[in-house]
Structures are given as C-alpha cells and as structure tokens.
1. Give the relative contact order (percent, whole number) for segment 3-54; include only Cα pairs under 8 Å separated by 6+ residues.
2. Could you put 102, 7 in order, starting from the residue whose Cβ has the fewest other Cβ atoms within 10 Å?
3. Starting from the Cα-Cα distance between residue 15 and residue 80, subtract it from 0.36 nm times their residue separation and give me the gain in nm to one decimal.
4. Extension gain residue 68-residue 123, at 0.36 nm per residue separation less the Cα-Cα distance, in nm?
5. Kirkwood Rh and Cα-based Rg: tell me the resulting Rg over Rh for segment 3-54, rounded to two decimals.
6. Order these by the 10 Å Cβ neighbour count, fewest first: 125, 105, 14.
7. Between residue 107 and residue 87, take the C-beta separation as r, use R0 = 35 Å, and let me know the FRET efficiency to the nearest 0.05.
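Just so you know, all these numbers are worked out from the coordinates, no wet-lab data involved. Because the structure is a prediction, the values reported are computed rather than measured. For neighbour counting, all protein chains shown are included, and Cβ atoms are generated from backbone atoms with ideal geometry for every residue, glycine included.
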Ligand SMILES: [Zn+2]
C-alpha cells in the first residue's frame, strides 16, 4: 500500500471505523513504516473523531417539545373534523334513482295527455264540420287530415284550416 491510498483510507473508512479487515492489516503495515501517515492518522483522530465522540448530548428545549405537541394536536383535531364532516355527509339521505326519474315520468304523462286531448279535439272538430257541409267526398280528406294531425301531434287551428276540404264548384 502506498501513501496516497493509505491517506485516502485514513480520511474515510478508517476514521469511520468501517475499514475491511484485509485493508486494515495493509494500512497498519504501512503505518508501521511511515511516520508521515501516522501523523495524518493522529491528526484526523484528534480533529475529526474525538470532538464528536466527546461532545455533550444536547437535550431539546421545552419550546421545541411544546411546538411539536401543538402541531400534533392541531393535525389530530383537523383530521377528526374532516372525519366528522365525511360521516355527516354519508348520513344525509341520498336521492334514490327512482325519485330522480319521477319528474320525467310526470312530464311524459302530461305531454301524452295534451297530445291525446289535441287529437280528440281535432277529430271532434272534423266530424262536426262534415255534418255541417254534408259532403261525402270530404271524408277522405278528413281521414288524412286527422291522421296527419295525430301523427304530428299538432292540432292547431291553422293546421286544421289548411286541410279543410273545399266543396266542388
Ligand atoms: Zn505513508
């Protein structure tokens, strides 16, 4: 082992106490014959290892513990509030799919009723009109007009008037 490798190991694994056994043997063989590297190892031990091994243990002050305790309690309180909020949301009655569909069903029923009434009113109007005119040729016109009115579901006066059969001249 040369001086360069020895000094590299002294400043790393040797002062950390992590030197592999065979390297440790080689290092001590080199140190037994090299006063320069012995000097470096002693300096490293005194300046890099000893101060930390002999340093007094520091106890955290009360203010630090109080701050930590306060933050832990605050976090626990916020989590508890969130859990309570979620629990209340879960307890609220959820709208069932059946009640969500009900308004649509009512609208469809009302719309169907309006269409049916419009068709009935149209048929009644046409029949009373035929009785007044007495024109048998108008029957075919009435039938087609009624079917148009019922198929389009619109029986306004304007539509009906446009299908009114005219007596032959
Ligand atoms: Zn050396």
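1. Worked out over segment 3-54, it gives 49 percent.
2. 102, 7
3. Length gained, residue 15 through residue 80: 18.4 nm.
4. Length difference between fully extended and current span is 11.2 nm.
5. On the way: Rg = 10.6 Å, Rh = 11.1 Å.
Radius of gyration over Kirkwood radius for segment 3-54 works out to 0.96.
6. 105, 125, 14
7. About 0.45, to the nearest 0.05.
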